[in-house]
1. Taking amide hydrogens as modeled 1.01 Å from N in the peptide plane, which residues meet the under 5 Å criterion relative to residue 192, leaving out close sequence neighbours?
2. For Cα pairs less than 8 Å apart in space and 6+ apart in sequence, what is the mean separation divided by the residue count of region 46-129, i.e. the relative contact order in percent?
3. Between the DSSP loop rule and a limit of at most 16 other Cβ atoms within 10 Å, which GluC sites (Glu not before Pro) in region 117-208 are left?
4. Need the list of aspartates and glutamates near residue 213 for cross-linking: C-alpha distance under 13 angstrom, and skip anything on the same chain fewer than eight residues off.
5. With the other protein chains left in place, how much accessible area per residue, in square angstrom, belongs to the chain at a 1.4 angstrom probe?
6. Among 106, 44, 164, which one moves the most in a GNM of the chain with springs linking Cα atoms closer than 10 Å?
7. Restrict the search to region 33-85; then list the trypsin sites (Lys or Arg not before Pro) that DSSP places in a loop and that have at most 11 other Cβ atoms within 10 Å of their Cβ.
8. How large, in percent, is the carbon and sulfur part of the accessible surface of region 116-205 at a probe radius of 1.4 Å?
Amino acid sequence: MIIAIDGPAGSGKSTIAKLLAKKLGFTYIDTGAMYRALALKVINLSVDPNNEEEVLKVLENTKIDLVDDKVFLDGQDVSAHIRTEEVGNVASIVARYKKVREEMVNKQRQIGINAKNAVIEGRDAGTKIFPDADLKIFMTASPEVRAQRRVQQLKEKGFLVDYNHILQKIIERDKMDYERKESPLRPTQDYIIIDTTDKTIEEVISYIESLLKK
């Protein structure tokens, strides 16, 4: 069984997907982490993320693996390093490129096929990676709530951030994700949309479990 969960940044999809996978005993596939890993390498190599050709060269010489909820970049665990605001912004840029997405989709699809039972989350999990997924969910929430969640996450990691700055970045990233030419963030008719603005994690997971039982 493949469960695909898509949605914008801060909608809660990563938290829900991870907990749901653990509860079901499924493999958890964080597609966004793979783009973030590439973005981290682009930053470390001082490559201009707006230069598609240079980004593709980086990707050609990059190995990204997902193992037990950890992200490995060229053999090194970078799970804690890919969650910064800078990496997220660069990830949105490199994810616009057609060849980058094609290569990533191939890798992500293979991980899911090998796992057999998986919860895969991202921005095109149910449209491009597994269009025939057994259950497709699109999670959303207001930009304000998503910004609050992001600020809280960063505070817990020891970062001092400004709410208004984070809110503006989320709005900008939404625009980039929704309007990009390749795999825009847009649910199709076979998605079940869940607005998590006023819902707890437990309520969302319980609702998804009820969908699975049906």
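The values are calculated or read from the model by the stated rules, or taken from the named source; none is laboratory data. This is a predicted model, so every value here is computed, not measured. Note: ideal-geometry Cβ built from the backbone for every residue, glycine included; neighbour counts use all protein chains shown. Only protein heavy atoms, including side chains, enter the accessible area calculation; ligands, DNA and RNA are left aside. Shrake-Rupley method; radii C 1.70, N 1.55, O 1.52, S 1.80 Å.
1. 136, 137, 138
2. Working: 50 pairs, mean separation 17.1, N = 84.
So the answer I get is 20 percent.
3. Details: sites: 121, 144, 156, 172, 179, 182, 202, 203; in loops: 182.
The qualifying sites are 182.
4. Qualifying aspartates and glutamates at Cα under 13 Å: 134.
5. Numbers: 11130 Å² over 214 residues.
Value returned for the chain: 52 Å² of accessible area per residue.
6. Largest GNM mean-square fluctuation: 44.
7. Values: sites: 36, 41, 57, 63, 70, 83; in loops: 63, 83.
Filter output for region 33-85: 63.
8. Details: 2610 of 5100 Å².
Roughly 51 percent of what the probe reaches on region 116-205 is carbon or sulfur.
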